[in-house]
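The structure under discussion appears below in the form of structure tokens.
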Amino acid sequence: MILGGKVIKIEVTDEKNVRILEADKNFVLPKSMSDSEDNIVMIKGRNLPELEYNSIVFVVTTTKGNDRIKYTGAVTMSIDTQLNIRILRNNNSQVLQERRRYFKIKVDEPGRILRFIREDKISNLDVPARIKVLDINVGGVFITCEKMEFAVDDLICLEVDLSSGKLISDAKILRVQRCEDGSIKGYGCEFQGLTAAQEDLISRFILKVQSENRQKESDKNDFS
């Protein structure tokens, strides 16, 4: 299995699957998991937990497509600023959940539509139409718009201020979702021609929201 590439998060757990640490940066992964090579995962930071030499741990990688793969490893170096883990050969890596191309997350983010195209006619909006982004993934968004109505196959240019940066992208209306009374609930849109930098921006935003949600849940449990 491939361990490198588009991995956006790494977790380390003990043999009882208790999380030891989690990192979304400052880690180095091998490009492949060939059994013919010694593969070392390196994590750098501050105040890292210090583990016993050769203790068995699990390394869980998460890609921006939300593929999560679990590997068995042994600690080869552990100090408060760096942790090295050797991935064991024939370690029977596991895919922890069904692979899916994109991972969707519910949000409530304001945005704007700058222009739209219908049947090759381009309409630039002097005053951008305000929208709400209700969910987002690397593939697209679900939006609401009170001031305008769109149709399937319309192309829109939207702008959304994510906490990880400003996203400006073309998107295609794939679905018009309606309420029981026939009014429009929102639009399912597919991004068109995202760059690698734009995909990374969305992935970082999703990871940040996930982390914040986990912290809120943890804080709620602490007070319950």
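Only the coordinates and a few stated rules stand behind these numbers; no lab work does. Quick caveat: nothing in here was measured; it's all calculated off a predicted structure. Virtual Cβ from ideal backbone geometry, glycine too; neighbours counted across all protein chains shown.
How long is the gain from K106 to S123 if the chain were fully straight, where each residue apart is worth 0.36 nm and the alpha carbon distance is subtracted?
3.2 nm
If one computes the Cα centroid of the stretch 194-210 and of the stretch 43-65, what distance in Å separates the two points?
First find each Cα centre; the distance between them is then 23 Å.
Over all alpha-carbon pairs of the stretch 105-214, lay out the pair-distance distribution in 10 Å bins, whole %, shortest bin first.
14, 49, 30, 7, 0
Please compute P(r) over all alpha-carbon pairs of the chain, binned at 5 Å starting from zero, and give each bin as a whole-number percent.
1, 6, 12, 15, 14, 12, 11, 9, 7, 6, 4, 2, 0, 0
Mind listing the long-range amide H neighbours of S55? Cut-off is under 5 Å, sequence gap 5 or more, other chains count too, H placed in the peptide plane at 1.01 Å from N.
Here the answer is V75, since their amide H atoms fall under 5 Å of that of S55.
With θ taken as phi - 60° and the coefficients 6.51, -1.76 and 1.60, list the Karplus ³J(HN,Hα) couplings across the stretch 16-30 in order, rounded to whole Hz; mark glycine and proline as x.
Going residue by residue, I get 9, 6, 7, 5, 9, 7, 9, 9, 10, 7, 6, 10, 10, 10, x Hz, with x marking Gly and Pro.
Can you run phi through the Karplus equation (6.51, -1.76, 1.60; θ = phi - 60°) for the stretch 134-140 and list ³J(HN,Hα) in whole Hz, with x for Gly and Pro?
9, 8, 8, 8, 5, x, x
Just to be sure I understand the model, the point goes 7 Å from the Cα along the line to the Cβ. What's the resulting T13 to C179 distance in nm?
So the two model labels end up 4.2 nm from each other.
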